[in-house]
Amino acid sequence: MKVKKFIAPTMPEAMNQVKKELGESAIILDSREIKTSRFFGLFGKRNIEVLAAVDPQPTRNRNAVRSKKETANHATKRSNHVKSVQKTKTSEEKVSARLSLSNEYPHPVESTLQRLRQNGIDEDTRANVLQTLLSTYYKKDEEMTESELLDVTKEFFKKEMSPYIQGTAKQSKHLYILGPTGVGKTTTIAKMAANDKMKYSKDIAFITLDTYRIAAIEQLKTYAKILDIPIEVAYNAEDLEAAKDKFEDKDLIYIDTAGRNYMKNEYIHQLKDMAKFKEQDQLICVLSLTSKEDDMNMIYHQFSELPVDTVIFTKADETSTYGQIFNLWKKHRFDILALTNGQDVPNDLLDVDEEVLARIMVGEKLW
């Protein structure tokens, strides 16, 4: 990859220099305003400095040698594709499209990108990370290691996600735990309640709405007995209101909702009619990391009809990819409360911060 620095009085003039010398397929790694001085530091003039790069052989195949005719045809197709992309897409999309055409990045950069691919990070995000990596790599005169570039990548994710890390503090008294069948809602409630009681000395109560499965009621009753937490079963809206009134003196009330197929709107409406959510209630969506990303996206989209803005991801120990956390968050911008990584109560509940999530996004194993 050829990298060159350009200095011009204005950005348009700098871009003209880039196009003239490196061509239309060049990418901008970095730009900044600089001040050049004349006459012993006096009478400084402001200019634009642009760091640009281009792959001199973007169509080269590493595994085979093409004939001159094949290479020319392929290059022509790519050139036409780039021109088409530039005509129809926004400037940000143009950058992503150009980045995706090249496979000739420095080894430490390519290795870092490969980790993100293997972890399931989506293509658009990888393109944004790539631009950051290339800019940093060439500013450091190509002397950065993969480990150093991983640190740069983690900083990228930390800056993106840090405003959406909720932590352990809860403002609401009523915590509704929602999610489809089999994601581990009841066990997650037990972990959270045990944590709140033992660490923060909270006075807690349970209410369960999951009357569709007898086993679910018995499971929560077992946890309630072990933790010495009172519990009520609500079969309808009147029961729910009566139970909330009964536990009005408690610090926190965990409400376990029924595990249903929330791909169906009817179950969303049933829950909404029964719970009659209030503005001060906190609704926490529980999603399993072993589910398909498209399914998780659909379920959260379904819950968007309710005031859901917080997510707990379960079964982190049962999967090898975690990019779906970022991909899903990027679409919906919810708060992330915790991860669960096992069945032990209360131990396998991991409070998250930006450092934990950043490490997970680059594929580091934390359990």
Checklist entry - With respect to Gln343, is the statement that it is part of a helix (DSSP H, G or I), touching a helix residue (DSSP H, G or I) at 6+ places or on another chain (Cβ under 9 Å) and in contact (Cβ under 8 Å) with a residue 24 or more places away in the chain true? => result no
Next on the checklist: Return the residues of the stretch 246-268 that are surrounded by fewer than 21 Cβ atoms within 10 Å (Cβ to Cβ), in contact with a helix residue (DSSP H, G or I) (Cβ under 7 Å, 6 or more places away or on another chain) and among the charged types (D, E, K, R); say none if nothing qualifies.
Outcome noted: Arg260
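Condition check ((1) modelled with pLDDT of 95 or more; (2) more than 30 Å from the chain's Cα centre (by Cα); (3) on the phi > 0 side of the Ramachandran plot) across all residues:
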| site | (1), (2), (3) |
| --- | --- |
| Gly184 | no, no, yes |
| Ala216 | no, yes, no |
| Asn236 | no, yes, no |
| Glu241 | yes, yes, no |
Next on the checklist: When you scan the stretch 229-237, do you find a residue that is of a type in the set (D, E, K, R) and either within 27 Å of Thr290 (Cα to Cα) or in contact with a Pro (Cβ under 9 Å, 6 or more places away or on another chain) (or both), even just one?
Outcome noted: no
Checklist entry - Quick one: which strands (runs of 3 or more DSSP E) sit completely within the stretch 224-340 and have at least 2 residues that are farther than 18 Å from His174 by Cα? => result 282-288, 308-314, 335-340
Next on the checklist: I'm checking my understanding of the structure. Among residues of the stretch 255-310 that are of a type in the set (Ser, Thr, Tyr) and under 20 Å from the mean Cα position of the chain (by Cα), which one is nearest to Lys221 (Cα to Cα)?
Outcome noted: Ser288
Checklist entry - So, of the residues in the stretch 334-347 that are surrounded by fewer than 16 Cβ atoms within 10 Å (Cβ to Cβ) and not acidic (Asp, Glu), which turns out to be nearest to Lys191 (Cα to Cα)? => result Asn347
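Please specify each residue of the stretch 178-212 satisfying the condition of being assigned to a helix (DSSP H, G or I) and in contact with a strand residue (DSSP E or B) (Cβ under 7 Å, 6 or more places away or on another chain). Break it down into steps so the answer makes sense when it comes.
At the first step, the residues of the stretch 178-212 found to be assigned to a helix (DSSP H, G or I) are 185-200.
Lys185, Thr186, Thr188, Ile189, Lys191, Met192, Ala193, Asn195, Asp196, Lys197 - these are the residues of the stretch 178-212 that are assigned to a helix (DSSP H, G or I) and in contact with a strand residue (DSSP E or B) (Cβ under 7 Å, 6 or more places away or on another chain).
Within the stretch 26-46, restricting attention to residues that are surrounded by fewer than 10 Cβ atoms within 10 Å (Cβ to Cβ) and assigned to a strand (DSSP E or B), which residue is modelled with the highest pLDDT?
Initially, the stretch 26-46 is screened for residues surrounded by fewer than 10 Cβ atoms within 10 Å (Cβ to Cβ), giving 32-33, 35, 38-43.
Next, from what is left, pick out any that are assigned to a strand (DSSP E or B): 32-33, 35, 38, 42-43.
Values: Arg32: 79, Glu33: 82, Lys35: 73, Arg38: 56, Leu42: 54, Phe43: 56.
The residue in question is Glu33.
Got a number for residues in the stretch 348-367 being over 15 Å from Thr186 (Cα atoms) and either assigned to a loop (DSSP other than H, G, I, E, B) or basic (Lys, Arg) (or both)?
First pass over the stretch 348-367, keeping only residues over 15 Å from Thr186 (Cα atoms): 350-367.
When the remaining residues are screened for being either assigned to a loop (DSSP other than H, G, I, E, B) or basic (Lys, Arg) (or both), the result is 352-353, 359, 362-367.
So the answer is 9.
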Checklist entry - Between residues in the stretch 307-335 that are within 19 Å of Ile121 (Cβ to Cβ) and residues that are hydrophobic (A, V, I, L, M, F, W, C) and exposed (fewer than 14 other Cβ atoms within 10 Å of the Cβ), which pairs lie under 9 Å by C-beta distance while being six or more apart or on different chains? => result Ala316/Leu366; Ala316/Trp367
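The values are calculated or read from the model by the stated rules, or taken from the named source; none is laboratory data. For clarity, every value in this text was computed on a predicted model and none was experimentally measured. Reconstructed Cβ throughout: ideal geometry from the backbone, glycine too, with neighbour counts over all protein chains shown.
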